[in-house]
Every structure is written in C-alpha cells, then in structure tokens.
C-alpha cells in the first residue's frame, strides 16, 4: 500500500506539473460553461423553472456537472496520444505500480476540474448566484467524484482505442444522451411524464438533483441522499472497471 500511495503521488505530480505548464488546459475547460452562464443564464432569470431557488441555483449545479461530464470523459484522448508517442510503453517497463498510473491520472483530472468548477462559481456569483457555502462545497465534491468516475472509464476505453478518431465519436454518442436526459441545463420536472420517467435510468440525473438541493440549502432533501448513493456506486463501478482493464492492458 505505501508503494501504491508513493507511486500515485509521483504520477499525480508528473501530470499536475504538466497541466500547470499548459495555460490552455487550465482555462479552456471552464470556457464553455462560463459562456453558458453569460449568454444563456440571463434568459432564465425570469422563467419559472419548476423548483425552489433562483434560476442560477438551477443552472450552475448543472454546469458544474456538465464540466465534469465532458472534461473527464475526454481525458483518455491524452492517453491515446501518449500511446502513439511510445510514452505508455516506456512507463510500462518502470517499477511504478500500474494501478498508480491510473490513480495518479484520475486524481489530476479531478483536481483540475474542481479548480475549474470554482472559477465557474466565481463567475456565477458575479452574475447573481447566491448559494450557501456548504452547498457549494458539496457541489465541488460531486464534481470531483463524477470526474474520478468518468476519467477512469475514459482511460480504460483509451487503452483499447487505436486513434482519437475512433475514441471521440463513441464518447460523444454517450455524452449527448447523458446531458439531455439528466436535466443538466433545465430540471427534468419541466419535461413531459414519459421523458421524466426515462431520465431516471440515467445515474447523472440523481447527481444533478442532489447538487441543486445542496445549492438551495436543502440538506435533508432525499434527493441529496439518492445523489450521494448514485455517485458512490458509479465511482466504485467505474474505478473497479478502469483498474481491471488498465492492468489487463499492460499500462
């Protein structure tokens, strides 16, 4: 265990330094959600959204999880490029734990996306968001857990993909239904009955409802418990699957 922890810290440090040297990686991830805030958020200011709280308390939680959805699910693109340049092969012959090679990567991704989530919240506060600090911190926690889960699956898929051209379409094919059925931009309570029922098969729906409950300070809302259970279950399944395939693939 100490070896895995040490190796994970080494891998995390390597990729964290790499990220810090890339201004694009630090800024562009939060650009699209910020544009949603500036250009889309004001359109909802006076709309009845079928829930409690302001329109910002509905929109911002969805944008935080949207950030994790797209940012983490495409994390495997970098691994494909490393494979093409022989970096993965060189890492394979080092004594570093192969589990640590996965954990270090996904922890870097979660840390980066959480920092970007904080930037989005700061922009949202300037736009008019008012939310309790504990609720915002819970939102960051859900963002980080979703990032860990999806990054694990993304890296597992990247070990099998031969090129970005085969990886990206598959990720988009999953992400678009996930975004539309989870109510990231608008609550599913506004949807017709059949669509609301269908959305309950999407685990992300429960995370979105949980963060929205946290942003209005409803910490005893059953949605928060359901979202927590869904997030932990998704994390357990994703990291287990990612770890098994990562080891099997010889990364």
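The values are calculated or read from the model by the stated rules, or taken from the named source; none is laboratory data. Keep in mind it's a predicted model, so treat the numbers as computed, not measured. Neighbour counts are summed over all protein chains in view; Cβ atoms, including those assigned to glycine, are modelled from backbone coordinates with ideal geometry.
Could you look through region 187-223, keep only residues that are assigned to a loop (DSSP other than H, G, I, E, B) and closer than 14 Å to residue 59 by Cα, and pick out the one that is farthest from the chain's Cα centre (by Cα)?
216
Cβ-Cβ below 7 Å, separation at least six or inter-chain, first residue in region 81-92 and closer than 13 Å to residue 14 by Cβ, second at pLDDT 75 or above and assigned to a helix (DSSP H, G or I): which pairs?
Close Cβ pairs (under 7 Å, with a partner that is at pLDDT 75 or above and assigned to a helix (DSSP H, G or I)) amount to 91/101.
Please work out if residue 108 is in a helix (DSSP H, G or I) and surrounded by 14 or more Cβ atoms within 10 Å (Cβ to Cβ).
Judged against the criteria, residue 108 is a match.
For residue 76, which of the numbered conditions (1) within 25 Å of residue 212 (Cβ to Cβ); (2) crowded, with 22+ Cβ neighbours inside 10 Å fails to hold?
Single failed check for residue 76: (1).
Looking at residue 184, is it surrounded by 17 or more Cβ atoms within 10 Å (Cβ to Cβ) and part of a loop (DSSP other than H, G, I, E, B)?
Here the answer is yes, as residue 184 does meet what is asked.
Does residue 11 fit the bill of being assigned to a helix (DSSP H, G or I) and modelled with pLDDT of 80 or more?
Yes: the conditions hold for residue 11.
Could you check how many residues of region 118-149 are within 11 Å of the chain's Cα centre (by Cα) and modelled with pLDDT under 95?
0
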